[in-house]
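Notes follow once the structure below has been shown.
The values are calculated or read from the model by the stated rules, or taken from the named source; none is laboratory data. Please read all numbers here as calculations on a predicted model, not as lab measurements. Cβ sites come from the backbone with ideal geometry, for glycine too, and all protein chains shown count toward neighbours.
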């Protein structure tokens, strides 16, 4: 009996906790990461806190004006006040902020769908097919990747003008330059190149053509890369300012980022808490989307060799 | 079949991508990049991306109809003339200008129909948009423009000279009306590079002033705001307590603030004949040296450009004694101090001078410029400007926007409105400051109304940042180098033959 109770339980029934070896180099790396992480989060936290502060608390530079450190109450009505101040769309009677949201969703939806679709098709061609001048064409694609936006901004805007396409102040003008995107082609192609050729051969033996192989095998395999691209496109489009500002004339055609800048660009001064309330509302969809797709995003970044 | 179609689709996608923009590859630019945006956007000429710098032929003088030509144009309600007006006003100013357009459209006898569009963004964004529209052949008929921007538009004749319209017997202004405008405001829309021409119409003007916490000043033993630069420096340093994050001066690295300092030291930003930049003069050196001392001795704190209007918050929180800023901020300072934990007495005053008997004040503001259109559109645009600046309208505009009334007869109404505004009930000194603002007009100076001033502002801003704030390099050498580069920009953007 005595022998039975003397058996050490730890070895028989428990898994030993993983041992993290901390050496100096690793500690320094972690410390740097923590500092960078905190520095990245602080502006966001400041924005969130300021968005529900009273104007007086903003003016008094109080970081936490609520209990237990202060007596103020959170001002959630800042959001409603900011929306009121942005104004109303005369055409629809909608608050302009919601009109901007609807415009942004429409523009973003079109661009993400189109850009992902064209990127997948082109990437497949570059990774899997053989056709004349393939290398040259791919270089051409990469060249567009390297042209600074500032160089093409004005010529593109001119193209939208009534003397050319006559798309000024329309949805086509807002989305046209972004319907296909060299970066997306490059990203997906990199992923497709990692898929073993044998998979294609096996699919061919089973009777699959290119489209079936792409939709049934390559796209499911490339899900992390595709989600990554979709998320990046979403963020870029959601935040796009200069182009939309250039090709729109009326406020009710604009998107949230342009509306936000218009709200922030006051003469003489600003009510910071209201500006931050608008900023929170603009940023929130991106944060929520990122939280839901974080796993794919991380996987996509690591598997395609993409680095920020 | 599919096997054939797919490569075709893929190839088409490649071509589409090749023809498409690489824009989304880069995260969007910050809403206001510090280097290209006005650090203090209240009124200061907005630094923008460098404008295409090409020497350009001076516009043909016959482009705008001569006075008799203007008189010959007829506008009628039977044949309405449509014009487009781009602006970037917000808040009460936006509401006023929109309601004015509505009223003007309904009441004007000429059948002019103005369409008003707000351009969300900074002056730099508006400038970019106008340039793109010019390239596309569809500029607006009227737009807000700083004098240097109007000069740039004028290089290719895109902005018209308003003098034939002003002088028109039928549609122009009488001598009495012209005399009713503050002469400095009218002069500020002229550029020596385009002799005799008027490139914009003044609607909005404000001054670089010094906001002062009067209670704090009293604690320091001073009975009145500083009048000389020496007093200013002494008080700023006396007030500073870096351990408690309290400083004498809040400094936004906005070049209009530096220009105000150069003026206060008796210097100029641009030579009188607009042939060269002059901010490397003794006055420029003294200005930069003063700033350098203030930062070295921890008497000043820099407000990062990303912290928009951060100087107002710190002023309200009594963290800074002085702020150099535009007079347009008056209502915002009133609101912020009223909401502060401990409200206090404050005002703004003329910026301290090297020689208070010969003051010079930086006065700035975007004008409304008229772009090339049909003769009818150009005339309609002028008539709109003329109506907007009628005394009763400009007085209301000054009240709504916080700018100075540009006509003498409108000033008393604007001053009275500020005096009676409940916002200033607890700040009588601030309300009085608005009245004194008009006394400064006589000492007004313009920074540089020449094309290409925007990139020059960036050069100046870099010098201030490097030499005064970071304490690197030699003052004179840095200013000389900046002026040499600025003169190149000036040369590149000058009308041919100038």
- Item | Flag for residue A:85 being over 23 Å from the mean Cα position of the chain (by Cα) and either surrounded by 12 or more Cβ atoms within 10 Å (Cβ to Cβ) or within 23 Å of residue B:309 (Cα to Cα) (or both) | yes
- Please state which of the following conditions residue A:171 fails to meet, knowing it meets all the rest: (1) at pLDDT 95 or above; (2) over 15 Å from residue A:120 (Cβ atoms); (3) within 14 Å of chain B (Cβ to nearest Cβ). (3)
- By residue number, the members of the stretch B:230-250 that are surrounded by 13 or more Cβ atoms within 10 Å (Cβ to Cβ) and free of Cβ contacts under 8 Å to residues at least 24 places away in the same chain are B:234, B:238
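Are there any helices (runs of 4 or more DSSP H) wholly within the stretch B:124-203 with 1 or more residues that are farther than 28 Å from residue B:391 by Cα, and if so which? Step through it out loud before you land on a result.
Values: elements: B:147-155, B:163-167, B:175-180, B:183-187.
Ranges flagged: B:147-155.
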- Could you list, in sequence order, all residues of the stretch B:204-223 that are under 26 Å from residue B:364 (Cα atoms) and part of a loop (DSSP other than H, G, I, E, B)? B:204, B:205
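Looking at the stretch B:313-323, which of the residues that are surrounded by fewer than 24 Cβ atoms within 10 Å (Cβ to Cβ) and assigned to a helix (DSSP H, G or I) is farthest from the other protein chains (Cβ to nearest Cβ)?
So in the stretch B:313-323, the residues surrounded by fewer than 24 Cβ atoms within 10 Å (Cβ to Cβ) come out as B:313-314, B:317-319.
Now narrow it down to the ones that are assigned to a helix (DSSP H, G or I): B:313-314.
Working: B:313: 6, B:314: 7 Å.
Per the criteria, the residue is B:314.
Would you check if there is a residue in the stretch A:58-65 being within 14 Å of chain B (Cβ to nearest Cβ), part of a helix (DSSP H, G or I), at pLDDT below 95 and closer than 30 Å to residue B:315 by Cβ? Write out each step before concluding.
Of the stretch A:58-65, the ones within 14 Å of chain B (Cβ to nearest Cβ) are A:58-63, A:65.
Among the residues that remain, those that are also part of a helix (DSSP H, G or I) are: A:58-59.
Still in the list and also at pLDDT below 95: A:58-59.
Subset that is closer than 30 Å to residue B:315 by Cβ: A:58-59.
Yes; the residues of the stretch A:58-65 include at least one that is within 14 Å of chain B (Cβ to nearest Cβ), part of a helix (DSSP H, G or I), at pLDDT below 95 and closer than 30 Å to residue B:315 by Cβ.
Matching residues to (1) out of contact with any helix residue (DSSP H, G or I) (no Cβ under 9 Å at 6 or more places or on another chain); (2) assigned to a helix (DSSP H, G or I); (3) within 9 Å of another protein chain (Cβ to nearest Cβ):
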{"position": "A:215", "(1), (2), (3)": "yes, yes, no"}
{"position": "A:234", "(1), (2), (3)": "no, yes, no"}
{"position": "A:245", "(1), (2), (3)": "no, yes, yes"}
{"position": "A:267", "(1), (2), (3)": "no, no, yes"}
{"position": "A:274", "(1), (2), (3)": "no, yes, no"}
{"position": "A:286", "(1), (2), (3)": "no, yes, no"}
{"position": "A:290", "(1), (2), (3)": "no, yes, no"}
{"position": "A:300", "(1), (2), (3)": "no, yes, no"}
- Item | Single residue of B:175, B:147 found to be out of contact with any strand residue (DSSP E or B) (no Cβ under 6 Å at 6 or more places or on another chain) and without any contact (Cβ under 8 Å) to a residue 12 or more places away in the chain | B:175
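Tell me, please, whether a residue that is away from chain A (no Cβ under 14 Å) and surrounded by fewer than 24 Cβ atoms within 10 Å (Cβ to Cβ) can be found in the stretch B:143-157. Give the steps one after another, and end with the answer.
Taking the stretch B:143-157 and keeping what is away from chain A (no Cβ under 14 Å), we get B:145, B:147-157.
Adding the requirement that they be surrounded by fewer than 24 Cβ atoms within 10 Å (Cβ to Cβ) leaves B:156-157.
Yes, there is a match, as at least one residue in the stretch B:143-157 is away from chain A (no Cβ under 14 Å) and surrounded by fewer than 24 Cβ atoms within 10 Å (Cβ to Cβ).
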- Query: Where residues in the stretch A:183-208 are farther than 24 Å from residue A:228 by Cβ and more than 13 Å from chain B (Cβ to nearest Cβ), which of them is surrounded by the most Cβ atoms within 10 Å (Cβ to Cβ)?
  - Reply: A:202
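Quick check, is residue B:113 modelled with pLDDT of 95 or more and surrounded by fewer than 18 Cβ atoms within 10 Å (Cβ to Cβ)?
Working: modelled with pLDDT of 95 or more: yes; surrounded by fewer than 18 Cβ atoms within 10 Å (Cβ to Cβ): yes.
Here the answer is yes, as residue B:113 does meet what is asked.
Out of all the residues in the stretch B:195-224, which are closer than 21 Å to residue B:360 by Cα and crowded, with 18+ Cβ neighbours inside 10 Å? It would help to see each step written out before you state the result.
So the first thing to find is which residues in the stretch B:195-224 are closer than 21 Å to residue B:360 by Cα, and the list is B:202, B:204-212, B:224.
Scanning the stretch B:195-224 gives B:202, B:204, B:205, B:206, B:207, B:208, B:209, B:210, B:211, B:212.
Going by what's in this entry, would residue A:142 be described as surrounded by fewer than 17 Cβ atoms within 10 Å (Cβ to Cβ), within 17 Å of residue A:187 (Cβ to Cβ) and either modelled with pLDDT under 90 or in contact with a helix residue (DSSP H, G or I) (Cβ under 8 Å, 6 or more places away or on another chain) (or both)?
Working: surrounded by fewer than 17 Cβ atoms within 10 Å (Cβ to Cβ): yes; within 17 Å of residue A:187 (Cβ to Cβ): yes; either modelled with pLDDT under 90 or in contact with a helix residue (DSSP H, G or I) (Cβ under 8 Å, 6 or more places away or on another chain) (or both): yes.
The answer is yes for residue A:142.
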- Query: Of these, A:221, A:211, A:260, which one is surrounded by fewer than 22 Cβ atoms within 10 Å (Cβ to Cβ), without any contact (Cβ under 8 Å) to a residue 40 or more places away in the chain and under 25 Å from the mean Cα position of the chain (by Cα)?
  - Reply: A:221
- Task: Could you tell me which residue of the stretch A:155-182 is surrounded by the fewest Cβ atoms within 10 Å (Cβ to Cβ), considering only residues that are in a helix (DSSP H, G or I) and free of Cβ contacts under 8 Å to residues at least 60 places away in the same chain?
- Result: A:155
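Could we say that residue B:83 is under 25 Å from residue A:270 (Cβ atoms) and assigned to a strand (DSSP E or B) here? It would help to see each step written out before you state the result.
Details: under 25 Å from residue A:270 (Cβ atoms): no; assigned to a strand (DSSP E or B): yes.
Taking the combined requirement at face value, the residue does not satisfy it.
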- Residue ID - farthest from residue A:280 (Cα to Cα), chosen from residues in the stretch A:248-258 that are at pLDDT 90 or above and at the interface with chain B (Cβ under 8 Å from one of its Cβ atoms): A:254
- Quick count over the stretch B:324-378, residues being more than 14 Å from every other protein chain (Cβ to nearest Cβ), assigned to a helix (DSSP H, G or I) and surrounded by 24 or more Cβ atoms within 10 Å (Cβ to Cβ), is 1
